[in-house]
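Data first, discussion second: the structure below is written as structure tokens.
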Amino acid sequence: MLTPMRLNLIYARAANGVIGCTRDGQPAMPWHLPEDLAHFRRLTHGCPVIMGRTTWASLPPRFRPLPGRVNLVLTRDAARARALQAAGAVPVASLEAALEHCRALRGADGQPPAEVWVIGGAQVYAQAEPLAQRAVVTEIERAFDGDAYAPVLGPDWHETARETHLSAEGLPFAFVTYERA
Ligand SMILES: Nc1nc(N)c2c(n1)CN(C(=O)COc1ccccc1N1CCC(C(=O)O)CC1)C2
């Protein structure tokens with residue numbers, strides 16, 4: 001019996017909903033939270049990740065492609081698709097095409113991936129939210145200035161887990177899981 005592939009959103013958001021800002025013309029994270037980077041890496045390692053082109057560009061070069069993960073990057077531009085391929089990503093023209101590609105993947109166990117992660121940015125989260133079964137959200141208990149916002153999780157989502165933490169730098173945050181049937 002094949003286990004169904006689950007679509008997850010994963011993001012870190014500030015108390016005012018900000019998920020990103022622009023620094024020197026580049027998308028950036030408004031906070032320094034290494035505990036979240038470790039959480040992100042632990043959850044997504046070994047799974048396909050789906051991202052928009054600007055999220056790909058915002059990854060530090062040494063993390064591009066994200067190691068140990070099939071990196072699917074959304075673009076409809078043929079030239080950009082070629083450049084992405086050369087850089088070790090799998091260019092896909094739509095979210096549906098990305099999911100089709102994931103369903104065709106086979107792990108060392110010969111099975112398709114059980115978990116697929118949408119890792120940004122705001123436009124891709126908004127498009128994927130209606131299709132996702134789980135959202136793993138790092139909720140930072142402070143407001144930050146920024147120009148990209150988290151998706152709104154509608155009333156059919158409910159919280160199923162919450163772990164509160166205080167970062168080494170004194171930033172209160174929580175790892176929260178939301179699910180929908
Ligand atoms: N909760 C949650 N959700 C998200 N969607 C994302 C995150 N946090 C964090 N993200 C970023 O792009 C930002 O990352 C980084 C930013 C600066 C330096 C290193 C990194 N990273 C180090 C670890 C690398 C790895 O995973 O190997 C990935 C890059 C996406």
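The values are calculated or read from the model by the stated rules, or taken from the named source; none is laboratory data. For clarity, every value in this text was computed on a predicted model and none was experimentally measured. Cβ: placed from backbone, ideal geometry, glycine included. Neighbour counts: every protein chain shown.
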Worksheet item: Residue check: is LEU7 modelled with pLDDT of 95 or more, within 11 Å of the ligand (Cβ to nearest atom) and either surrounded by fewer than 16 Cβ atoms within 10 Å (Cβ to Cβ) or not aromatic (Phe, Trp, Tyr) (or both)?
Response: no
Worksheet item: Taking only pairs six or more apart or across chains, which ones have beta-carbon atoms under 7 Å, a first residue in region 34-46 that is within 19 Å of LEU166 (Cα to Cα), and a second residue that is of a type in the set (S, T, N, Q) and near the ligand (Cβ under 7 Å from one of its atoms)?
Response: ASP36/THR138; HIS39/THR138
Item to complete: Looking at (1) surrounded by 17 or more Cβ atoms within 10 Å (Cβ to Cβ); (2) more than 12 Å from the ligand (Cβ to nearest atom), find the lone condition where ASP24 falls short.
Response: (1)
Item to complete: Name the one entry in ALA135, ALA97, ALA108, ALA148 that is touching a Gly at 6+ places or on another chain (Cβ under 8 Å), among the hydrophobic types (A, V, I, L, M, F, W, C) and at negative phi.
Response: ALA148
Worksheet entry | Condition check for LEU37: under 23 Å from ALA132 (Cα atoms) and either modelled with pLDDT of 95 or more or within 14 Å of the ligand (Cβ to nearest atom) (or both) | yes
Worksheet item: Going by the structure shown, is HIS101 more than 16 Å from the ligand (Cβ to nearest atom) and not β-branched (Val, Ile, Thr)?
Response: yes
Worksheet item: Given the residues LEU131, LEU99, LEU95, LEU105, which is the only one that is loosely packed, with under 14 Cβ neighbours inside 10 Å, within 21 Å of THR3 (Cα to Cα) and touching a residue at least 40 places away in the same chain (Cβ under 8 Å)?
Response: LEU131
Practice prompt. Pull up region 141-181, narrow it to residues that are among the aromatic types (Phe, Trp, Tyr) and closer than 17 Å to HIS32 by Cα, then point me to the one that is farthest from the chain's Cα centre (by Cα).
Written response: PHE144
Practice prompt. Return the only residue of ARG13, ARG64 being of a type in the set (Lys, Arg), within 10 Å of the ligand (Cβ to nearest atom) and without any contact (Cβ under 8 Å) to a residue 60 or more places away in the chain.
Written response: ARG64
Worksheet entry | Residues located in region 28-52, provided they are touching a Phe, Trp or Tyr at 6+ places or on another chain (Cβ under 8 Å) and closer than 24 Å to ALA143 by Cα | PRO30, TRP31, LEU33, GLU35, ASP36, HIS39
